[in-house]
Amino acid sequence: MKRVMFSSLPSGSILSLQGSVILPTGSRARGFGSGTTTFETFAAFDQVFRTKTFVETQLGADLPRHTDIAPQSIFFNTALGQSFAADHGLGRLWSPMVEFLADRALEDHAKTNWDVLPQMQVTISKRQHVRCDFGVRVPVNNTAGRPVQLMFYVLWDWQDGKLNEGW
């Protein structure tokens, strides 16, 4: 569940809070999931400037049901990017960005893991309600057992239109 706490279109700011339940559907041995139901909560603040430069931040915690399987942890993510629009803002939107990610287990002697994630988000519909993003997540420190990862997602903002509309 996500709730917008503050939003200002003139200033380009938005603050939201989110809480979610993550079910253990992946294979922990293959690096997909923690192996236990996890409650995640975070605050997000985003700022878009007049130049179409943007900063996105998240601060949150992962709270697994079984801490003997996976530890509780905190995380901080921030992205800095720039959007470029075709057709006077009515066409495809290209948004290269770099994201800095940090996470730390809430255990004695735990270390903070830092990663960098250069990425590109592109709208694939003219209405800009369907987007995809691809990037490469690279560990900066504590690299043992933390491989470089290819990241990809597709996002459909269904409130802005059906999947077959706006192309």
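Pick from Arg92, Arg131, Arg146, Arg127: which is of a type in the set (Lys, Arg) and under 23 Å from Ala43 (Cα atoms)? Full working, then the answer.
Values: Arg92 fails: under 23 Å from Ala43 (Cα atoms); Arg146 fails: under 23 Å from Ala43 (Cα atoms); Arg127 fails: under 23 Å from Ala43 (Cα atoms).
From the options Arg92, Arg131, Arg146, Arg127, the qualifying one is Arg131.
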- [ ] Would you tally the residues in the range 68-103 being open to solvent by less than 90 Å² (accessible area, probe 1.4 Å), of a type outside the set (A, V, I, L, M, F, W, C) and in contact (Cβ under 8 Å) with a residue 24 or more places away in the chain?
- [x] 12
Open item on the list: Looking at Phe42, Phe6 in this structure, which one is outside any loop (DSSP other than H, G, I, E, B), open to solvent by less than 40 Å² (accessible area, probe 1.4 Å) and not hydroxyl-bearing (Ser, Thr, Tyr)?
Closed with: Phe42
- [ ] Given the conditions (1) open to solvent by 50 Å² or more (accessible area, probe 1.4 Å); (2) not in a strand (DSSP E or B), report the number of the one that Gly26 does not fulfil.
- [x] (1)
- [ ] With the checklist (1) more than 16 Å from Phe152 (Cβ to Cβ); (2) surrounded by 17 or more Cβ atoms within 10 Å (Cβ to Cβ); (3) modelled with pLDDT of 95 or more in hand, flag the one item Thr53 doesn't pass.
- [x] (2)
TODO: Provide a single number: the residues in the range 133-167 that are open to solvent by 90 Å² or more (accessible area, probe 1.4 Å) and among the charged types (D, E, K, R).
DONE: 1
TODO: From Ser27, Ser34, Ser20, grab the single residue that is among the hydroxyl-bearing types (Ser, Thr, Tyr) and more than 20 Å from the chain's Cα centre (by Cα).
DONE: Ser27
Task: Selection count where residues are of a type in the set (A, V, I, L, M, F, W, C) and either in contact with a strand residue (DSSP E or B) (Cβ under 9 Å, 6 or more places away or on another chain) or modelled with pLDDT of 90 or more (or both), scope the range 18-33 - done: 3
Task: Asp115 out of contact with any helix residue (DSSP H, G or I) (no Cβ under 6 Å at 6 or more places or on another chain), at pLDDT 95 or above and buried (at least 18 other Cβ atoms within 10 Å of the Cβ) - done: yes
- [ ] Please give the number of the condition Pro64 fails out of (1) over 22 Å from Met151 (Cβ atoms); (2) surrounded by 15 or more Cβ atoms within 10 Å (Cβ to Cβ); (3) of a type outside the set (A, V, I, L, M); (4) at pLDDT 95 or above.
- [x] (4)
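The values are calculated or read from the model by the stated rules, or taken from the named source; none is laboratory data. What you see is a predicted model, and the numbers here were worked out from it, not measured in a lab. In this analysis, Cβ positions are derived from the backbone assuming ideal geometry, glycine residues included, and neighbour counts consider all displayed protein chains. Just the protein is used for accessible areas: all its heavy atoms, side chains included, with ligands, DNA and RNA removed. Shrake-Rupley method; radii C 1.70, N 1.55, O 1.52, S 1.80 Å.
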